[in-house]
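The values are calculated or read from the model by the stated rules, or taken from the named source; none is laboratory data. All values reported here derive from a predicted model rather than from experimental measurement. Cβ coordinates were reconstructed from backbone atoms using ideal geometry, including for glycine residues, and neighbour counts include every protein chain displayed. When the accessible area is computed, the model is the full protein with side chains, heavy atoms only, and any ligands, DNA or RNA have been set aside. Shrake-Rupley method; radii C 1.70, N 1.55, O 1.52, S 1.80 Å.
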Amino acid sequence: MSVLNNFSATDRGLLLAGLGSWFFYLVIALIIDYFSYQSNWYYLAVGFLFAVYFIYFLIWANWNNGVTVSPKSFWLVFLLGALLLFTLVLAIPVSLSDFYHYFFEDVALIVHGLNPYFSSPIGIPAEPASWLSGWRFLPAQHGPARIFLTMPLALLSGGSVVTALFLYRLFFGLVVLASALLIYKILENLKSKNSLMAVLLFLWNPLIIYETMLNGGTDILMVFWFLLAIYLVLIRRDYLAILSLTVSIMVKYITILVLPFFIIFLVFRTPGLKSRIIKFFSLSGATILAAILFFWPFWEGIYTLSPVFWVGRQFEANSFPGFVSLIFFLFNYDLDITIFKNLFTIAFAVIFGILLVNFCRQRQQQIENLFYVSMLVIISFLFIGKFWFYPKYLIWLLPLLFLLDRRFYRLAVFLTGLVVLVPIHFYTNLLVVLFIPPVLVFSFYYFVVSFKDNNFKPV
């Protein structure tokens, strides 16, 4: 108790919440390799994830009502976040986790000397990682920067799947911590009062922790380089910023959607028409050159991108995002869903065009405008333009919500729990059921707040 007395009331609450979350993550780490999606272990793990989410929700609800933060709070948040992350290093991801496919791609290159963009797990049956990989018929579909970043880990593992799992997740956990530091530095640079709250909501986010540590880390790698690009824009390192954004794109192609807005922002803050023209072509040229260099060791013509094109064409009723897939599942309409795909694609293209035109018209740009338009582009793509949806895709969106005003934090907390409404597979199990939807939690919270405000007003 004497140790706890050294902490403020807020820090004691954070310590108890962090240790409570750690207990649930520890249990998940110990049982997760034992369950299938139809076992009691699975439902037990889902229950523990709900408990973690509920603690996360209570932290947000308490902080949202205003708390006193001490100088110790940052390190408490950071160290407890590291504890939560690295506890899941003890878990053994179930087969079909993306980790195994990433490791296979790296091993195909460094052990078997094969191009990972033309080598699928089913083609190398003697490789142990091939039997644990999901989508065994599919070669590498993400950008080559991911291979360059994780290939040294495959070398260190000596081809051992067990060692690789430890090294890869240790690396991805460090990337999460580095991303949290970037969020803090960005908001401190902008003199925001929400920097510590944003770090906590990002670093302790159960979706980010669980999906990164147990279902692959490509998304957080992409996010890290994207956040680094934003920080470099803030400190006016324009060419380093565009290079960092290119690395993000070459990890996972989704951030190419925000590339035009970054270039426009950097061009418009450059004085003089001639300087702006030079800046536009130099930034565009640097992006193209960096992308070419990344692909150079693997490029064997346009067929190098065949896996990307295949995934882009892959869709069915359960491929639609969120509520759309739920409608198809519940009513099981015998419809030509190609029509719906085309309509949603056109809708996203229209929204993207409107955002781009409006952004160009705002000649006096603020960095917050770049955050806001990037958020709108990503959220539009996720819920309108994306036809193959997994909960981990929300990792693309959450950091942008935390960089914006705290009124967006409610949306981030809500979406973290609402990912249970992902596409539902009609013939087998649910594709993923990671979190209990927070609808009842939020409803109860607002009922209590409303009841208190209406019935306990000061006289």
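For the listed peptides 367-374, 201-208, 184-191, 342-349, a ranking on the average number of other beta carbons within 10 Å per residue, highest first, reads 201-208, 367-374, 184-191, 342-349. Model label points for C360 and Y239, set 7 angstrom from Cα along the Cα-to-Cβ axis, are 2.6 nm apart. Heavy atoms of the protein chains alone define the surface here; on that basis segment 223-306 has 47 Å² accessible area per residue at 1.4 Å probe size. When Rg and the Kirkwood radius Rh are both evaluated on Cα atoms of segment 173-243, their ratio Rg/Rh stands at 1.00. Legend: calculated FRET efficiency, S8 to I302, from the Cβ-Cβ distance at R0 = 45 Å, rounded to 0.05, equals 0.15. Packing, as the average of other Cβ atoms within 10 Å across residues, places the peptides 46-56, 224-234 in the order 224-234, 46-56, highest first. Excluding same-chain neighbours fewer than eight residues apart, the lysines reachable from K341 by a Cα-Cα span under 28 Å are K252, K386, K392. Kirkwood hydrodynamic radius of segment 171-293, from the reciprocal of the average inverse Cα-Cα distance over all distinct pairs: 15.3 Å.
With a 1.4 Å probe and all protein chains left in place, how much of the accessible area of segment 339-379 comes from carbon and sulfur atoms, in whole percent? Its accessible area is 67 percent carbon and sulfur atoms.
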